[in-house]
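Input: a single structure, listed below in structure tokens.
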Amino acid sequence: MQIDLKKFFDVNPVKGFLAHDEGMVLYKYALSLSHLGVCLEIGSYCGKSAIYLGEACKATQNLLFAVDHHRGSEEHQPGETYHDLELMDRQSGQFNSFPEFQRNIELAKLNDTVIPIVASSQLVVASWNMPLALVFVDGGHSEEQAMHDCLQWARHVVADGYMLIHDIYQSEAEGGQAPRLAMNALLQSNQWDYLEKINSLVVLRKRCAT
Ligand code: SAH
Ligand code: MG
């Protein structure tokens, strides 16, 4: 598939944790499935992945729901490895990536495509009932959270729809294992096929009910 990169808003300056090759894979899958339903991501941070997914949704008149409480994961808190002082709300003294997310989505002209849901994944999934064509899982990386996100959101993906999981590493030396364990739990359900892995991003497709 030929993708005209020039039409993209320049995502490079957007703070985030997603490599360009991974972003292009999000874009490629999201572009192919508007007939199946809407897209949803867990873990938006400052909007990097939402811009790749959102560009594809915009091109196909689809929508992206972007779920994040914007309070950061464990590793974003003060004193932790990926803390960013610029994302602290001076008034409340709390981490808050939502203003930066909103700014980036606006700059990318994706306001009518990306629908932010500022809440925890647990709260949102508990009342979710819309079929999903694609779910991108990139939220909290504790074992409990990764497992929750993969298993709970998987139930809402339509047959032939996709789940893309970020931060899948083969060994502890490369990175945390929680997302990989959660992916394995999904694969063991026999409802998912493993399609490909690009960098640390894995693509699964839901099987048709037999
Ligand atoms: N996809 C982003 C990176 C996400 S970082 C990018 O492209 O750059 C992980 C994000 O998950 C953080 O913004 C954090 O606030 C969010 N997060 C962590 N636990 C969460 C939970 N339980 N519910 C919703 N969001 C959560
Ligand atoms: Mg990630």
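Within the stretch 8-49, which residues are touching a residue at least 60 places away in the same chain (Cβ under 8 Å), among the hydrophobic types (A, V, I, L, M, F, W, C), more than 12 Å from ligand 1 (Cβ to nearest atom) and assigned to a helix (DSSP H, G or I)?
Across the stretch 8-49, the qualifying residues are 25, 30.
Scan the stretch 27-40 and give yes if some residue there is among the hydrophobic types (A, V, I, L, M, F, W, C), within 13 Å of ligand 2 (Cβ to nearest atom) and modelled with pLDDT of 95 or more, otherwise no.
Within the stretch 27-40, the subset among the hydrophobic types (A, V, I, L, M, F, W, C) is 30-31, 33, 36, 38-40.
Then keep just the ones that are within 13 Å of ligand 2 (Cβ to nearest atom); that gives none.
The answer is no, given that none of the residues of the stretch 27-40 is among the hydrophobic types (A, V, I, L, M, F, W, C), within 13 Å of ligand 2 (Cβ to nearest atom) and modelled with pLDDT of 95 or more.
For residue 130, only one of the following conditions fails: (1) out of contact with any Leu (no Cβ under 6 Å at 6 or more places or on another chain); (2) closer than 25 Å to residue 60 by Cβ; (3) without any contact (Cβ under 8 Å) to a residue 60 or more places away in the chain. What is its number?
(3)
Name, by its number, the condition in (1) farther than 20 Å from residue 44 by Cβ; (2) in a helix (DSSP H, G or I) that does not hold for residue 179.
(1)
Within the stretch 180-191, can one find any residue that is closer than 22 Å to residue 70 by Cα and either of a type in the set (Lys, Arg) or touching a residue at least 60 places away in the same chain (Cβ under 8 Å) (or both)?
First, pick out the residues of the stretch 180-191 that are closer than 22 Å to residue 70 by Cα: none.
Scanning the stretch 180-191 turns up no residue that is closer than 22 Å to residue 70 by Cα and either of a type in the set (Lys, Arg) or touching a residue at least 60 places away in the same chain (Cβ under 8 Å) (or both).
Could you run through the stretch 163-190 and say how many residues are buried (at least 17 other Cβ atoms within 10 Å of the Cβ) and either within 16 Å of ligand 1 (Cβ to nearest atom) or more than 15 Å from the chain's Cα centre (by Cα) (or both)? Show your work before the answer.
Taking the stretch 163-190 and keeping what is buried (at least 17 other Cβ atoms within 10 Å of the Cβ), we get 163-168, 177-180, 182-183, 186.
Checking the rest, the ones that are also either within 16 Å of ligand 1 (Cβ to nearest atom) or more than 15 Å from the chain's Cα centre (by Cα) (or both) come to 163-168, 177-180, 182, 186.
Here the count works out to 12.
Can you run down the residue pairs with Cβ atoms below 8 Å, 6 or more apart or on separate chains, where the first is in the stretch 81-99 and closer than 13 Å to residue 68 by Cβ and the partner is within 12 Å of ligand 1 (Cβ to nearest atom) and of a type in the set (Phe, Trp, Tyr)?
Hits for this filter: 87/95; 97/45.
The values are calculated or read from the model by the stated rules, or taken from the named source; none is laboratory data. All figures in this text were calculated on a predicted structure; none of them were measured in a lab. Every residue, glycine as well, gets a Cβ built from its backbone with ideal geometry; the counts of neighbours run over all protein chains shown.
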